[in-house]
Amino acid sequence: MSFSIPPNGVYRIQNEAYPEQMIGLEFRVGGLGLFVAGRHEDSSNPHIEWQVKAVQEGEYGMITMKSDSRDASDFYIGFDSRTVGYSSTPYEWELSFRGEDKWAIMDRASGLLLFLPSNVDRTPVGVTMDGGDASYWRFIPKY
């Protein structure tokens with residue numbers, strides 16, 4: 001079977017278990033907040049569009065995910081061994097195909113997958129060893 005990681009571009013990163021939820025970057029008074037689930041596409045907070053860039057291609061590709069917001073364009077989705085958060089430097093995630101346009105986004109060092117623990121708006125995105133469909137994501141092109 002042949003497949004490739006999503007091409008470089010701007011995407012909304014949609015959760016498989018909770019398809020109305022996207023990864024977002026919440027803006028708060030006084031600064032940026034955590035990465036959260038965002039429900040409403042027409043809402044500017046949390047921001048839900050990401051510049052996805054392939055760093056390495058293949059069956060297990062490496063990508064970076066950078067905010068596409070004009071106000072936070074220097075922030076990447078990062079991980080610090082315990083918490084998903086924002087980073088001012090590119091953070092590389094391993095991307096592996098899970099079938100039918102589903103992808104697992106994994107921290108290579110720890111083997112932990114990005115996942116969404118619930119369907120409640122503004123739920124922080126976390127990590128897990130295996131969250132089933134809650135740890136699978138779809139890349140929805142902006143344009």
Relative counts (whole %) of C-alpha pair distances in the stretch 56-137, using bins that are 10 Å wide: 18, 48, 31, 2
For Glu49 the rounded accessible area (nearest 10 Å², probe 1.4 Å, non-protein molecules ignored) is 30 Å²
Expected vector for the stretch 111-125, Karplus 3J(HN,Hα) from phi with 6.51, -1.76, 1.60 and θ = phi - 60°, integer Hz, x for Gly and Pro, equals x, 8, 9, 5, 8, 10, x, 7, 8, 7, 3, 6, 6, x, 6
Would you kindly find the accessible area of Asp121, with a 1.4 Å probe and non-protein molecules such as ligands, DNA and RNA excluded, rounding to the nearest 10 Å²? 60 Å²
If amide H atoms are modeled at 1.01 Å from N in the peptide plane, then the residues at a separation of 5 or more from Phe115, or on another chain, having amide H under 5 Å from its own are Gly126, Val127, Thr128
At R0 = 25 Å the Cβ-Cβ FRET efficiency linking Glu20 and Arg108, nearest 0.05, sits at 0.30
First measure r as the distance between the Cβ atoms of Arg98 and Asn8, then evaluate 1/(1 + (r/R0)^6) with R0 = 25 Å and state the FRET efficiency to the nearest 0.05. 0.75
Please turn the phi angles of the stretch 76-88 into ³J(HN,Hα) values with the Karplus equation 6.51 cos²θ - 1.76 cosθ + 1.60 (θ = phi - 60°), one per residue in order, whole Hz, x for glycine and proline. 10, 6, x, 8, 10, 5, 9, 10, 7, x, 9, 9, 8
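The values are calculated or read from the model by the stated rules, or taken from the named source; none is laboratory data. Computed from a predicted structure; not experimentally measured. Cβ sites come from the backbone with ideal geometry, for glycine too, and all protein chains shown count toward neighbours. The area values use the complete protein model at the heavy-atom level, side chains included, leaving out ligands, DNA and RNA. Shrake-Rupley method; radii C 1.70, N 1.55, O 1.52, S 1.80 Å.
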